[in-house]
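Just dropping this structure here.
The values are calculated or read from the model by the stated rules, or taken from the named source; none is laboratory data. Just so it is clear, the model here is predicted, and its values are computed rather than measured. Reconstructed Cβ throughout: ideal geometry from the backbone, glycine too, with neighbour counts over all protein chains shown. Side chains included, ligands, DNA and RNA excluded: accessible areas come from the protein's heavy atoms. Shrake-Rupley method; radii C 1.70, N 1.55, O 1.52, S 1.80 Å.
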Amino acid sequence: MSDAEKVPTTGNGQQEFDFDPETLRAKYREERDKRLRPDGNEQYVEVNGDFSRYVDDPYVDHGFTRPPLNDAVDVVIIGGGFGGLLAGARLREAGVKDIRVIEKGGDFGGTWYWNRYPGAQCDIESYIYLPLLEETGYIPKEKYSYAPEILAHARRIGEQFDLYRDACFQTQIKALTWSEDECRWIVTTNRDDRMRARFVIMSNGPLNRPKLPAIPGIDTFKGHTFHTSRWDYGYTGGDTNGNLHKLGDKRVAVIGTGATAVQCVQFLAKYAKHLYVFQRTPSSIDERGNRPTDPKWVKTLKQGWQKHRMENFNVLVTGGFQDQDLVNDGWTDIIRNLGGLLIARNNTNSAVSPEEIMRLAEIADFKKMNQIRARVDAVVKDKRTAEALKPWYRQFCKRPTFNDEYLPAFNRPNVTLVDTMGRGVDRITERGLVFDGVEYEVDCIIFATGFEVGTAYTRRAGFEVYGRDGKSLTDNWANGVKTLHGFCSAGFPNCFHMGITQNALTANFPHMLEEQARHITALIQHAKSQEARCIEPTAEAEAEWVATIKEKAMNNQDFLEACTPGYYNNEGKPQKGFGLAGELYGGGPVEFHELIRKWRESGEMKGLRFS
Ligand code: NDP
């Protein structure tokens, strides 16, 4: 341990921690290096051709038909998840009447429409995650909502804001093509629609396209397979609450141990004859601690409470300070740790520099992750299994998870953890999966392998956008995303993006979508008040924003490079400019929300051309 690392101390001069940071850093590096691979995102196969059945919608009647639409609308919103719903709601409030949501699923809900796997739950607190609670007068039943309650809330928003009226479900966009003559987008779909829209809002969802690992032999397996986001209850029996009664005589393999697997494994463990969990990198699993909503607390809520609570959480999880921690859970815990260290440091009366804050944040992180690892030892009885389930990386290298039943599942005699030591499954055969020369015969393989993040935007969207002069968005962004504030691009007038295109990510996704919905609504309102038919950023403003993104992105480069690979750091290649890591505003969401709020409230709309 270096001299500098003998601090912080408590007020009485005693050392605050009982571990060696350098040993932990070395262990983290070793675990990362094991997992770095040259193919990055290319290690996954695209779900098309023979694999397209993995994305078929299991929740709808496939015989559905309707006549093609050949009409004009004011606003087309692509995607009926919380992003599209929030945009629709805010536009309705602003008096926009002619809104059409186009959605490939059979209803609103987005993520929560697709992800109905057993145990699906949101691990962001429900009171800040479910949007528009005050507007809809709904209070969630528990601190952390399960998927059916969230899906029902999406439908509630759709109804309350009259978005069902003109929605097109089970409809996939084929292309968006800008018509210069009409100053409109021509929207074509797989149902032979040809709609003309003044404005288009793309809220396709950043994690909407399931991905499959390109494990050799993946197409040779003769048993049953599916992806967690299209759970096959016909095969497993039961529903999102469990009761997977058809698995009693089945040997099941799950590939992947991310946030999804952490939630569904307990149900597979309970019902399958035998469950094999194939792990490449363990998740960090903190306590869940769910509880019913306290009606007395609900009575204390004053107007504006939800926004206040969302902002309180957002500040805390991005390293800021608040007098009170309203959500007070595993997400904000790490910041509490940091706060404690800072107080201890201040007691020594020395000034705290930014470098010192970074260092203390790392110490707080080590403490948190030590706690997470100690929890594994406390729960999992078999020492070897417990050792394999311990995550060795900084907490926000991968998405932290929260669950009280995942770890105990490994104490069951019918559950085997196959730890692939960072390598992944070697091979799939007709009968099962092979790792390290051992073949595990199974009846069913469930891919809990997540969603595409770092691939081209239009590939994830599933359609192309042709802007001015027929230029495609794919070509336009071939060397990196180019936008003004993440919302719109030069050459693609009246087309707005929601999600994570060069703006700031929040742990509470709907909070970010809410800010985006307000911003886009303000832009459309401004265009209407000016009687402008076209909104488009200038090339200079766009270049300036791209430069800002690059400059700010440098801030977390060291952190991302030190991380074990995953979609947070573009599978170990954070500097490539694609994926989550490359496209974000490094100043963080608090600064970004303030920046766009001030920008639009100035009334100048600098950098945007209204014509
Ligand atoms: P993830 O991308 O998080 O996890 C995919 C898993 O598959 C990882 O464990 C990965 O290992 C593993 N994997 C990939 N390829 C192989 C291979 N060849 N062999 C073995 N394992 C492999 O997907 P999830 O569906 O779990 O979660 C996606 C996101 O959805 C989450 O990060 C979160 O943002 C969101 N989510 C949110 C929830 C909530 O509560 N709000 C709940 C569930 C999901 P490795 O880590 O080594 O790459």
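When you count, for each residue, the other Cβ atoms within 10 Å and take the mean per peptide, how do 42-52, 91-101 rank with the highest first? Walk me through the intermediate numbers first.
Details: 42-52: 14.2, 91-101: 17.5.
Ranking the peptides 42-52, 91-101 by packing returns 91-101, 42-52.
Name every cysteine in the chain that ends up alone, with no second cysteine's Cβ under 4.7 Å, or say none.
C122, C168, C183, C264, C444, C488, C495, C534 - these cysteines have no disulfide-compatible partner (Cβ-Cβ under 4.7 Å) in the chain.
Rounded if a/c is under 1.5, else prolate if a/b is larger than b/c, else oblate: which is the chain, with a ≥ b ≥ c the root eigenvalues of its Cα gyration tensor?
Working: a/c = 1.59, a/b = 1.18, b/c = 1.34.
In terms of gyration-tensor shape, oblate.
Here is a follow-up. Can you give the extra length, in nm with one decimal, that the chain gains between L301 and T455 once fully stretched, where that is 0.36 nm per residue apart less the Cα-Cα distance? The partial results should precede the final answer.
On the way: separation 154, 0.36 × 154 = 55.44 nm, distance 4.27 nm.
Residue separation times 0.36 nm, minus the Cα-Cα distance, leaves 51.2 nm.
Say the dipole of segment 497-611 comes from +1 at the beta carbon of Lys and Arg and -1 at that of Asp and Glu; which of A522, A553, V590 then lies farthest toward its positive end?
A522
Only bridges whose two residues both fall in the chain count here: according to DSSP, what percent of them are antiparallel, nearest 5?
Values: 28 of 65 bridges.
In the chain, DSSP labels about 45 percent of beta bridges as antiparallel.
Can you work out the accessible area per residue across the chain, with the rest of the protein chains kept in place, probe 1.4 Å, in square angstrom?
On the way: 25390 Å² over 611 residues.
That works out to 42 Å² for each residue.
Dipole size in debye (nearest 20) for segment 509-562 around its Cα centre, Lys and Arg Cβ +1, Asp and Glu Cβ -1? Write out the running numbers ahead of the final one.
Details: 5 positive and 10 negative charges, 56 e Å.
Here the size comes out at about 260 debye.
Taking all protein chains in place and a 1.4 Å probe, what share, in percent, of the accessible surface of segment 155-256 do carbon and sulfur account for?
Details: 1750 of 4040 Å².
The value for segment 155-256 is 43 percent carbon and sulfur by accessible area.
Can you give the net charge of the other residues whose Cβ lies under 9 Å from the Cβ of E536, counting K and R as +1 and D and E as -1? The partial results should precede the final answer.
Details: positive: R468, R609; negative: none.
For residues surrounding E536, the net value is +2.
Still on this structure: Could you compute the net charge surrounding V380? Neighbours are other residues with a C-beta less than 14 Å from the C-beta of V380; K and R count +1, D and E count -1. Don't skip to the end; give the middle numbers.
Values: positive: R373, R375, K381, K383, R384, K390, R412; negative: D377, D382, E387, D404, E405, D419.
That sum, taken over residues with Cβ under 14 Å, equals +1.
Explain nothing, just the number: dipole magnitude of segment 444-522 about its Cα centre with +1 on each Lys and Arg Cβ and -1 on each Asp and Glu Cβ, in debye rounded to the nearest 20.
On the way: 6 positive and 6 negative charges, 19 e Å.
That gives a dipole near 80 debye.
Order 255-266, 535-546, 18-29 from most to least packed using the mean count of other Cβ atoms within 10 Å. Display every interim value, and only then the final one.
Values: 255-266: 23.9, 535-546: 18.1, 18-29: 13.1.
Highest to lowest by the protection proxy: 255-266, 535-546, 18-29.
While we're here: Counting Lys and Arg as +1 and Asp and Glu as -1, what is the net charge of the other residues whose Cβ lies under 15 Å from the Cβ of T548?
Numbers: positive: K482, K550, K552, K598, K606; negative: E540, E542, E544, E551, E583, E591, E594.
Computed value for this residue: -2.
If you stretched the chain out fully between R66 and N411, how much longer would it get, using 0.36 nm times the residue separation minus the C-alpha to C-alpha distance?
Separation in residues times 0.36 nm, less the Cα-Cα distance, equals 119.0 nm.
While we're looking at this one, here's another question. So, in nm, how far is label E387 from label N290 when the simple model puts each one 7 Å beyond its Cα toward the Cβ?
Computed distance between label sites E387 and N290 equals 3.4 nm.
How would you classify segment 135-174 from its alpha-carbon gyration tensor, with a ≥ b ≥ c the square roots of the eigenvalues: rounded for a/c under 1.5, else prolate if a/b is greater than b/c, otherwise oblate? Provide the component values of the computation, followed by the final result.
Working: a/c = 4.25, a/b = 1.73, b/c = 2.46.
Oblate, since a/c reaches 1.5 and b/c is not below a/b.
Which trypsin sites (Lys or Arg not before Pro) in segment 261-302 pass both tests, a DSSP loop state and at most 11 other beta-carbon atoms within 10 Å?
Working: sites: K270, K273, R280, R288, K296, K299, K302; in loops: K273, R280, R288, K302.
Passing sites in segment 261-302 are K302.
With a point put 7 Å past each Cα toward its Cβ, work out how far K34 is from N190 in nm, to one decimal.
Inter-label distance under the simple model: 4.1 nm.
Okay, next question. Could you tell me which trypsin sites (Lys or Arg not before Pro) in segment 484-580 are loop residues by DSSP with no more than 16 other beta carbons within 10 angstrom of their beta carbon? Please report the intermediate quantities before stating the final value.
On the way: sites: R518, K528, R533, K550, K552, K576; in loops: R533.
Taking segment 484-580 and a limit of 16 other Cβ atoms within 10 Å, the loop trypsin sites (Lys or Arg not before Pro) found are R533.
Something else now. How far apart, in nm, are two points set 7 Å out from the Cα along the Cα-to-Cβ line at R165 and at T23?
6.7 nm
If you don't mind, there's one more thing I want to ask. Heavy atoms of the protein only, probe of 1.4 Å, neighbouring chains included. What is the accessible area of R427 in Å², nearest 10?
120 Å²
Let me ask something else about it. Calculate the dipole size of the chain relative to its Cα centre from +1 charges on Lys and Arg beta carbons and -1 charges on Asp and Glu beta carbons; express the result in debye to the nearest 20.
Numbers: 79 positive and 84 negative charges, 150 e Å.
Computed charge dipole of the chain: roughly 720 debye.
List the trypsin sites (Lys or Arg not before Pro) in segment 428-461 that DSSP assigns to loop (not H, G, I, E or B) and whose Cβ has at most 15 other Cβ atoms within 10 Å. Which are they? Present the calculation step by step, with values, prior to reporting the outcome.
On the way: sites: R431, R459, R460; in loops: R431.
For trypsin sites (Lys or Arg not before Pro) across segment 428-461 that sit outside H, G, I, E and B with at most 15 neighbouring Cβ atoms in 10 Å, the list reads R431.
Order of 385-392, 201-208 by packing, highest average Cβ count within 10 Å first? Write out the running numbers ahead of the final one.
Values: 385-392: 19.4, 201-208: 24.5.
In descending order of packing, they fall as 201-208, 385-392.
Subtracting the Cα-Cα distance from 0.36 nm times the residue separation, let me have the gained length for H245 to C183 in nm, one decimal.
Values: separation 62, 0.36 × 62 = 22.32 nm, distance 5.58 nm.
Taking H245 through C183 to full extension adds about 16.7 nm, to one decimal.
Something else: Using only DSSP helix segments of four residues or longer, with each worth -39500 (n - 2.57), what per-residue ellipticity at 222 nm results for the chain after dividing by its residue count and rounding to 500? Walk me through the intermediate numbers first.
On the way: 21 runs with 210 residues, N = 611.
Helices in the chain give a 222 nm mean residue ellipticity of -10000 deg cm²/dmol.
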